[in-house]
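The values are calculated or read from the model by the stated rules, or taken from the named source; none is laboratory data. Note that the structure is a prediction, hence the values are computed from the model and not measured. Backbone-built Cβ (ideal geometry, glycine too); neighbour counts: all protein chains shown.
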Amino acid sequence: MSEFDPYRPPQAPLLDPHLPAAFVGGAWSRSQLRLLGALALGYLFGLFVLLALSLWQLLHPQFAPLPLTHLLGLLLALLWGYLLLRLRALLASRFGLHDGLDWPLALQIVLGLLAVGFAALLDEQVLNPLWLDLGSFALFVALGLSVLRFALCLQRIPQPYPALRLLAWLLLLAGIACASVVLLVPALLLGLAAGAALAWVFFTAAGELPE
């Protein structure tokens, strides 16, 4: 007599046995990763609004800069920093990447906040002093190089998600554009795409975990 029972639940493991225990049995959950993906999409939307406000200000220079622009820029810089920190933790538990990301990540966060401050100062000054122009130039060069270094570290990950590979290339191009200073607008557009790729990374990781 056959022992096959069509009503018995499958005996195969529900999770990929090759997933690291630090990722599967750690502090990560599907709902947490989905929330991070939603925050990344929120960053994408906020950056789009910021670019629209900046374009409006460029086309209407007779109006005073909107205080909302700088406040939104500060919130987006803080949100991006938080998302990068959570990405750093995810890469450590899922891919075992523990070295090389700390200092470019810290520089990105600090320099991103400084960039918001410099943007506010530039809007307040009618005639920008030389030190402010030189400081802005050096700031964006350093920011671009830190993003570039971060992207190169991401590209060292063996067998990454397709979303992670896309994020690494977008950040690589954004870092080069930002460090050139003259390509800041393409760098911001690449930042939009990087926000979408980061959301894809979190959603992909969420799909590997059970409900």
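Quick check on my filter: what residues within the range 171-186 are hydrophobic (A, V, I, L, M, F, W, C) and crowded, with 22+ Cβ neighbours inside 10 Å?
Step one: of the range 171-186, the residues hydrophobic (A, V, I, L, M, F, W, C) are 171-174, 176-179, 181-185.
Selection gives LEU171, ALA174, ALA177, CYS178.
Would you tally the residues in the range 150-164 being surrounded by 16 or more Cβ atoms within 10 Å (Cβ to Cβ) and either part of a helix (DSSP H, G or I) or among the charged types (D, E, K, R) (or both)? Please lay out each step first, then the result.
Let us first name the residues in the range 150-164 that are surrounded by 16 or more Cβ atoms within 10 Å (Cβ to Cβ), namely 150-151, 153-154, 157, 160-161, 163-164.
The next check asks that each one be either part of a helix (DSSP H, G or I) or among the charged types (D, E, K, R) (or both); those that pass are 150-151, 153-154, 163-164.
Selection size over the range 150-164: 6.
Working only within the range 85-98, note down all residues that are within 17 Å of VAL147 (Cβ to Cβ) and crowded, with 20+ Cβ neighbours inside 10 Å.
Selection gives LEU87, LEU91.
Yes/no matrix, rows are residues, columns are (1) modelled with pLDDT of 90 or more; (2) at positive phi:
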site	(1), (2)
ARG86	yes, no
GLY96	no, yes
LEU122	no, no
SER136	no, no
ARG149	yes, no
LEU164	yes, no
LEU173	yes, no
ALA194	yes, no
ALA197	yes, no
